[in-house]
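Here is the structure we will look at.
The values are calculated or read from the model by the stated rules, or taken from the named source; none is laboratory data. As the structure is a prediction and not an experimental result, all values here were calculated from the model. Neighbour counts are summed over all protein chains in view; Cβ atoms, including those assigned to glycine, are modelled from backbone coordinates with ideal geometry.
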């Protein structure tokens, strides 16, 4: 054994020096290296001794009798490198003496398990080519490496070189910007343990035998490599185990490439800088972007490549997330006050699983916009596949700008939503309003393969570019108004599934969208719509009604035609409106080719409106409708147009009020007319060009009107003109057939071509 004795300085002056034995620098002595020292079985610096490194190295390569390989109880002065090549297993090392540090430490023997015995600082690099460095489980000594830590021979099989961190505090290349803080090469294994880590940057090579497991605690990354300024570069072909959190705090913009799904568990980006993806990146946990910090999926600021991003957990944004045209998938998205999230038109965003954001929310969300001051502009497509609630906004005066949405989950939407593009609800999925009035505006086409339920505790306003309900799809409508602004494939509304109207209104409103187009309303069942309002952009724009084969057409409520033309796609079909049928000033209903049976609770033709009747039968069924001064079963304003098309106008309403404010042989005459119940004409003239039949009486309100029937007037019951007090008005009948009831002539004059009484009374 070589031991310094006596006093004074002992220099290794001839070399390289090969000790071939253990070496001890005794107390009170100073040894200055002038060359490398090899062949040491055990190297010791006693308390009070000093080793002056001089920039040279000491190799300890053959210790066998003790687990101690290198022991410093004294002082290391200057620059010293240590190489451990001990082939005999356990190799305890203790560099922490009375002062000074080792610069570079190299471990290079497959059998070496070097264990630090105290908190250790290396002023230079840590290189583990083969063997292991362990921070000693239970003791968990801190390890600081100022330079680069390199693990692995860069070739061969797995687990040749290992750094085992246990629960230690680890610092590897903190703040380093000229190279990686940690580089795991082929054959290298980094076992992060559970301590707190600080690392300049991380590089894991593209090989399955390059293995990386982050600490289960927090690793803070505060530098970048000289490889295109990457802070994280974990190759896809590496072997990784997800753990803990990486907190990137570098104060200058840098780049990230996380190509292995398990390379990073939770990632937090801070630092008021821009981080850019250099490759398609994957995060197995959560992504947090703090205030002032930006993550951009484009490789460079101006014209770089769009990189894809997958975050298995949630994404929590207070800073800026710029998605560009990338394919991005996150478990769930939360945008906080001050957040900015943008996406290009070709980008896709999948909200995959839903989250309660680490337990900070009481329910799971696909997207939670926790503050209405966020700036959201998603111009591509969002696919919603998980979670229970979707809340893109909160503030009443704020709306997130979202383009296309694919709803692939059953969940609620919370608060008002505005989609600039399309909405598709996938088969077996449900989109449902939550607890009250929650408007939904979709400027593009809506396709329901699943269910959209817009019925809440309060009225929700729904606005769609168009609405298609596929076979198996359901629209459970709002009790308010569903407004349709446009057309898809020629259809404003295409219903091949289930439409539940919930007493609400469908409004075809092309005037609002300034759209000049003809369109269709298609139903696969009778009276699936309640109220319908039609307001086209031009008076000549058309709305056609069609149904599935074998289905009659109709609606359960009111039909209001405000502007445009509307008629049946198949002119022979029947059409039934349970409520009031109103044709307003700029509206035209019908076609001269209509031949089916049409029905309305009441029929109102306002000034400027036109109603072209079917050549079959038009039936009015109720006594309440709209009129100029009171409710009418039938009302036609003096500037309205009723075209009879040689059809029958029939009323079955009890005490039906009927009014033409202006009528003659040349102005809105009827062709055939029949009243099965008592009818009152509030008209100066009641002109029927062919036949008229009354079963329970007919009179003129106020006695000011008269009837002209150019065919057969048939009465089977009731009283004609029972309360008419006018004696100045002539009534004309080509032929009067009295089969029952009473013809009251007490106060009127009639002109009749012939009269036949077969069972009635003339008084």
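Considering each of 726, 746, 763 in turn, give the residue that is in contact with a helix residue (DSSP H, G or I) (Cβ under 7 Å, 6 or more places away or on another chain) and either surrounded by fewer than 21 Cβ atoms within 10 Å (Cβ to Cβ) or modelled with pLDDT of 85 or more (or both).
Exactly one residue qualifies, and that residue is 726.
Can you tell me which residues in the stretch 733-752 are under 19 Å from residue 673 (Cα atoms) and not in a strand (DSSP E or B)?
739, 740, 741
Which condition from (1) farther than 17 Å from residue 633 by Cα; (2) more than 60 Å from the chain's Cα centre (by Cα) is the one that residue 667 breaks?
Against the list (1) farther than 17 Å from residue 633 by Cα; (2) more than 60 Å from the chain's Cα centre (by Cα), residue 667 comes up short only on (2).
Please report, ordered by residue number, the strands (runs of 3 or more DSSP E) entirely within the stretch 38-87 with at least 1 residues that are assigned by TED's automatic domain parsing to the domain that holds residue 112, more than 22 Å from residue 108 (Cα to Cα) and over 60 Å from the mean Cα position of the chain (by Cα).
50-52, 75-77
Conditions (1) part of a strand (DSSP E or B); (2) touching a helix residue (DSSP H, G or I) at 6+ places or on another chain (Cβ under 9 Å); (3) more than 26 Å from residue 278 (Cβ to Cβ); (4) at pLDDT below 95, marked per residue:
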residue	(1), (2), (3), (4)
128	yes, no, yes, no
141	no, no, yes, no
171	yes, no, no, no
174	no, no, no, no
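So which of 573, 598 is more than 19 Å from residue 651 (Cα to Cα) and outside the structural domain of residue 468 (by TED's automatic domain parsing)?
Just one listed residue meets the conditions, 573.
Of the conditions (1) farther than 21 Å from residue 249 by Cα; (2) without any contact (Cβ under 8 Å) to a residue 60 or more places away in the chain, residue 158 satisfies every one except a single condition; which number is it?
Residue 158 satisfies every listed condition except (2).
Would you confirm whether any residue within the stretch 141-161 is surrounded by fewer than 23 Cβ atoms within 10 Å (Cβ to Cβ) and closer than 18 Å to residue 244 by Cβ?
yes
Taking the condition touching a strand residue (DSSP E or B) at 6+ places or on another chain (Cβ under 7 Å), closer than 25 Å to residue 346 by Cα and crowded, with 21+ Cβ neighbours inside 10 Å, does residue 293 pass?
Yes, satisfied.
Suppose the filter is surrounded by 22 or more Cβ atoms within 10 Å (Cβ to Cβ) and under 48 Å from the mean Cα position of the chain (by Cα); does residue 137 pass it?
For residue 137, the condition - surrounded by 22 or more Cβ atoms within 10 Å (Cβ to Cβ) and under 48 Å from the mean Cα position of the chain (by Cα) - is not met.
Return the only residue of 376, 382 being touching a strand residue (DSSP E or B) at 6+ places or on another chain (Cβ under 7 Å), closer than 20 Å to residue 451 by Cα and part of a strand (DSSP E or B).
Going through 376, 382 in turn, just one is touching a strand residue (DSSP E or B) at 6+ places or on another chain (Cβ under 7 Å), closer than 20 Å to residue 451 by Cα and part of a strand (DSSP E or B): 382.
If you take just the strands (runs of 3 or more DSSP E) that sit entirely in the stretch 429-548, which of them hold at least 1 residues that are touching a residue at least 12 places away in the same chain (Cβ under 8 Å), at negative phi and under 29 Å from the mean Cα position of the chain (by Cα)?
Where strands (runs of 3 or more DSSP E) fall fully within the stretch 429-548 and carry at least 1 residues being touching a residue at least 12 places away in the same chain (Cβ under 8 Å), at negative phi and under 29 Å from the mean Cα position of the chain (by Cα), they are 430-433, 440-448, 451-453, 462-469, 474-476, 481-484, 491-495, 498-500, 505-509, 519-523.
List the number of the failed condition for residue 594; all other conditions in (1) closer than 21 Å to residue 623 by Cβ; (2) buried (at least 23 other Cβ atoms within 10 Å of the Cβ); (3) touching a residue at least 40 places away in the same chain (Cβ under 8 Å) hold.
The single condition residue 594 does not satisfy is (1).
Quick one: which residue in 604, 551 is in contact with a strand residue (DSSP E or B) (Cβ under 6 Å, 6 or more places away or on another chain) and either surrounded by 21 or more Cβ atoms within 10 Å (Cβ to Cβ) or modelled with pLDDT under 95 (or both)?
Result: 604 is the single residue among 604, 551 that is in contact with a strand residue (DSSP E or B) (Cβ under 6 Å, 6 or more places away or on another chain) and either surrounded by 21 or more Cβ atoms within 10 Å (Cβ to Cβ) or modelled with pLDDT under 95 (or both).
Yes/no matrix, rows are residues, columns are (1) within 18 Å of residue 547 (Cβ to Cβ); (2) surrounded by 23 or more Cβ atoms within 10 Å (Cβ to Cβ):
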residue: 412; (1), (2): no, no
residue: 423; (1), (2): no, yes
residue: 463; (1), (2): no, no
residue: 469; (1), (2): yes, yes
residue: 488; (1), (2): no, no
residue: 506; (1), (2): yes, yes
residue: 520; (1), (2): yes, no
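Within the stretch 430-445, identify whether any single residue is closer than 18 Å to residue 524 by Cβ and assigned by TED's automatic domain parsing to the domain that holds residue 531, and answer yes or no.
no
Check the stretch 616-636 and report whether any residue there is surrounded by fewer than 22 Cβ atoms within 10 Å (Cβ to Cβ), in contact (Cβ under 8 Å) with a residue 24 or more places away in the chain, touching a strand residue (DSSP E or B) at 6+ places or on another chain (Cβ under 9 Å) and not in a loop (DSSP other than H, G, I, E, B).
Within the stretch 616-636, one or more residues are surrounded by fewer than 22 Cβ atoms within 10 Å (Cβ to Cβ), in contact (Cβ under 8 Å) with a residue 24 or more places away in the chain, touching a strand residue (DSSP E or B) at 6+ places or on another chain (Cβ under 9 Å) and not in a loop (DSSP other than H, G, I, E, B).
Conditions first: (1) farther than 23 Å from residue 174 by Cβ; (2) part of a strand (DSSP E or B). Residue 106 passes all but one, so which condition is the exception?
(1)
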